[in-house]
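J.: Below is a structure I'd like to ask you about.
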Amino acid sequence: MDKKNTILGVVCIAAGIGFMFWQSQQIEQQRIEQLQQAETLEAPAGESTTPADAKIESADADWKSSQAKLSSGAVADLFEEAEAAVALPDAPVLEEQTVSLANEFIEAVFTTRGGAIKTVDFLQTKRGERDDYVFNQGGYLPALSLSYQASDESMREFALDYRIEQQTSDSITFVLDQGEGMVIRRSYRIAATGSEAEPYVIEHSTVFENKSGVAINPRTIYFNLGTARSISASKQSANYLNVGHYNGEDADFVPITKLSGGNGVMGIGASQPKDQLEIQDRIEWASVKNQFFASVLSSETLGDDLYIYKVPASADSDAPSSHQGISGSVGYEVGTLAAGESKTMDFQFFIGPKEFKRLQALGNEQDLVMQFGFFGFFSKLLLSFMYAIHSVIPSWGWSIVIMTICIKTLFWPLTSKASKSQKRMAKIQAPMAELKEKYKDNPQKIQQETLKLFKEHQVNPVAGCLPMIIQMPIFLGLFYMLRTASELRHEPFLWVADLSLPDTQFEIGGFPINILPMIMGVTMYLQMSMMPVSPTADPMQQKIFKFLPFVFLIFLYNFASGLVVYWTVQNILTIVQQKIINSRPDEELKPAAATVAAKSSGKGGAARTKSKRK
């Protein structure tokens, strides 16, 4: 019985760690290093600003020719002529103009190329300084630029050359007017400095106005979500790149590995690299994100189509703007516009760090962008608790330490009881050995006698595994919470320079030397060596337990330092607790069988006495 429970406990622990490791280490199977250098949107005047491999071409000149088809009583297809005239990729464009709007948290650069967002800088995410990471730098398209799907299923950028119609300190409006036909007006507003509005939200509206004499059908218009690139060039960082959407019930996220392809596991789940993916679903909001930053586009107008694109890395730079990236475009049905009719589409575009409280305040389940997973309840609870501690002690490192102490204190009675039970188990090793020798040819008898021995000495065989199994959801909740907590980015603690990264001190032959995981491995080894050995554990089980610290060391070696801080402090507290328990004198326990026999004897004697009296 004890052997089965021990194996079950080890399997549960290994499964939990394995699941955590699989989620964080979805290793890129295919050719990241073979991805070619992406062309940026920076192009000389007179050339298209769209990357050639994106298969998006200007529809400016083509749109003008489509107006000739407008005739009374007809519904004109705005793109019919444009698709027939794709041989004009070098149509002249106006000189690009850019305008910056800023508050104390972001600086957004807007461009007349598409009347959209060129880049967004973060001014407070590096301990109050401008961050190294720039959203959409070298992007696939300007964020919120408009595209449409041609008949050959390629995506083409829609009308590049806008002009600035109006500008204030916190807003800007672009307009595209072809003279006769459709007019598109695009307005943006950011929260003013000192405003109580969410500073990372850009309010946007696009107005389609039909000034022609006939109805126009613009088909489905796609709004680009911007490009999110890896924070670093490591494969672990690339694993956090994904595009997601919320359909009103569930949020679904597509990682970049779905586009990169892979060999699967022993051929199972193998897939070929793809340039793009299409998802048709109800879309209330859609997001593009990396490990610490996200863009989330939401609207009361429902989308019904989502394209996801892979953005190759540049090989000539170590800057975040050169790392591989991912982008997406959401399709919204504009519908037929009668002559003189207009339609306004309003959006809320969050571009900022993945901070749970901010995303939660946006409403409509936008905090699902955090991807806390199955253990989201624990992640949210622990994150809120850590926020509360940080409000008193403004250090995220010490907040993790104090939170760990509180968690350990909460589970102290349970782990203490388990340790005492394990200590009692160590005392019955000699009787257990005798049972095994006496009934070595009768396993069923050994099991029966073992259970009897446990009952006599009031020993719970699963007491040692139970505390660890109960704490595993908390550990996994912390893992999902800490792995992408932007609050830990650039936060130092003791010798750790950044709690969101491994605490690499130096490298030997290209291998990083991370001090904190090594301390964690040593403390876990000491903790395991202090635990009494189960009398039913065979040599193989004992080797498994001795090997567990090395398993944790391997799994946690390159994880965020914040998570390793928690596990190391947890180990130290467990060592202290075990030392206290081992130093105390053993409790004198009467064998359960003798107690039962005494009670039975007392009851029988009393009965016999009454019988004699009768």
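J.: Where Lys and Arg each count +1 and Asp and Glu each count -1, what net charge lies around Ser399 among other residues with Cβ under 12 Å from its Cβ? Write out the running numbers ahead of the final one.
T.: Values: positive: none; negative: Glu487, Glu491.
Neighbour charge sum, excluding Ser399 itself: -2.
J.: So if each residue of separation counts as 0.36 nm, and I subtract the Cα-Cα distance between Cys406 and Glu341, what length gain in nm does that give?
T.: The Cys406-Glu341 span can extend by a further 17.2 nm.
J.: Report the per residue volume, in Å³, of the convex hull enclosing the C-alpha atoms of segment 96-197.
T.: Considering the Cα atoms of segment 96-197, their hull volume per residue is 122 Å³.
J.: May I ask for the net charge around Ile106, where only other residues with Cβ less than 11 Å from the Cβ of Ile106 are counted and Lys, Arg are +1 while Asp, Glu are -1? Intermediate values should be presented prior to the final figure.
T.: On the way: positive: Arg130; negative: Glu104, Glu107, Asp121, Asp131, Glu198.
Every neighbour counted, the sum reads -4.
Every read-out reported here was derived from the displayed coordinates using simple, explicitly stated rules and does not represent laboratory data. Here the structure is a predicted model, which means the values were calculated and not measured. Here the Cβ is made from the backbone with ideal geometry for all residues, glycine too, and neighbour counts use every protein chain on show.
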